[in-house]
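S.K.: The structure's right below; bear with me while I get my questions together.
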Amino acid sequence: MSGVSVQAAAPGISARQVFQWLSYLQYPALLVAFGYAARPLFNGMDGMLDAYNSALLYAGVGVGMSSLQDPRKTQNTMSRKVWEDPRKGGVMLWVLAIQALLPIVLGLLGVALASNTTLAQLALGLVAFGLGMIGLLKTAIEMREHHRLDKKSLRSTATALEAGA
């Protein structure tokens, strides 16, 4: 057997950095979701439920992509202040948990009780959005663990923008 060494495709670029870059795909997905949400306003509300279903699906993907970001860095000063404060961080986790679980529960109930296919599809869009929010909740939990001032030693608390990431 020959001794073949496995090298990284691009030395100097970590997997964490690649996922951080991929997390920026959330913005185009959210723009597409906004486009679908606004479309019925310009079409006399024709195809509203289908458009909102697509908006929920793209929003779920976009929010889910945000979970790929590096939880060791905050995106801005306000985010850093929330995650550093144990009370504000705890409140934010509860808000995110409700925002994640409520669409899933309502979507599953909607699928079970839907009287037609279009409403069932809209309910599945709600489930997809809730699943994306679960990914965001996971990242928020990790961010809170990394940034809480009462649980960490005094380290640099630069935001991602300040650190040049």
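The values are calculated or read from the model by the stated rules, or taken from the named source; none is laboratory data. Small disclaimer: the values here were computed from a predicted structure and weren't measured. Counting neighbours? That spans all protein chains shown, and the Cβs are built from the backbone with ideal geometry, glycine included. Accessible surface is based on the protein model in full, side chains and every heavy atom, while ligands, DNA and RNA are left aside. Shrake-Rupley method; radii C 1.70, N 1.55, O 1.52, S 1.80 Å.
S.K.: Mind checking which residues of region 85-110 are more than 17 Å from the chain's Cα centre (by Cα) and open to solvent by 30 Å² or more (accessible area, probe 1.4 Å)?
M.R.: Restricting attention to region 85-110, the residues satisfying the condition of being more than 17 Å from the chain's Cα centre (by Cα) are 85-88, 90-91, 105-110.
If the condition is that a residue be more than 17 Å from the chain's Cα centre (by Cα) and open to solvent by 30 Å² or more (accessible area, probe 1.4 Å), then ASP85, PRO86, ARG87, LYS88, VAL91, VAL105, LEU106, LEU108, LEU109 are the ones that fit.
Per-residue answers, yes or no, for (1) without any contact (Cβ under 8 Å) to a residue 40 or more places away in the chain; (2) more than 30 Å from ASP150 (Cα to Cα):
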| position | (1), (2) |
| --- | --- |
| ASP46 | yes, yes |
| SER67 | no, no |
| GLY89 | no, no |
| VAL111 | yes, yes |
| LEU119 | no, yes |
| GLY125 | no, yes |
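S.K.: Can you find even one residue in region 65-77 that is open to solvent by 80 Å² or more (accessible area, probe 1.4 Å) and either in a helix (DSSP H, G or I) or at pLDDT 95 or above (or both)?
M.R.: Keep residues of region 65-77 that are open to solvent by 80 Å² or more (accessible area, probe 1.4 Å), which gives 72.
Okay, now just the ones that are also either in a helix (DSSP H, G or I) or at pLDDT 95 or above (or both), so none.
No, that holds for no residue.
S.K.: Follow-up. For region 30-64, how many residues are open to solvent by less than 80 Å² (accessible area, probe 1.4 Å) and within 23 Å of GLN20 (Cα to Cα)?
M.R.: Quick first cut of region 30-64, residues open to solvent by less than 80 Å² (accessible area, probe 1.4 Å) only: 30, 32-33, 35-38, 40, 43-44, 47-49, 51-57, 59-60, 62-64.
Within this subset, residues satisfying the condition of being within 23 Å of GLN20 (Cα to Cα) are 30, 32-33, 57, 59-60, 62-64.
Summing the residues that are open to solvent by less than 80 Å² (accessible area, probe 1.4 Å) and within 23 Å of GLN20 (Cα to Cα) in region 30-64 gives 9.
S.K.: Regarding TYR27, is this residue aromatic (Phe, Trp, Tyr) and either closer than 18 Å to PRO103 by Cβ or in a loop (DSSP other than H, G, I, E, B) (or both)? Even if it seems obvious, please write down each step before you answer.
M.R.: On the way: aromatic (Phe, Trp, Tyr): yes; either closer than 18 Å to PRO103 by Cβ or in a loop (DSSP other than H, G, I, E, B) (or both): no.
So TYR27 fails the test.
S.K.: Scan region 30-43 and report the pairs whose first residue is under 14 Å from PHE129 (Cβ atoms) and whose second residue is surrounded by 14 or more Cβ atoms within 10 Å (Cβ to Cβ) and aromatic (Phe, Trp, Tyr), with Cβ atoms within less than 6 Å and a gap of 6+ or a chain change.
M.R.: Close Cβ pairs satisfying both conditions: VAL32/TYR58; ALA33/TYR58.
S.K.: Which of the residues that make up region 42-63 are aromatic (Phe, Trp, Tyr) and over 23 Å from the mean Cα position of the chain (by Cα)? Talk me through it step by step, then tell me what you get.
M.R.: Start the filter on region 42-63 by keeping residues that are aromatic (Phe, Trp, Tyr), which leaves 42, 52, 58.
Scanning region 42-63 gives a single hit, PHE42.
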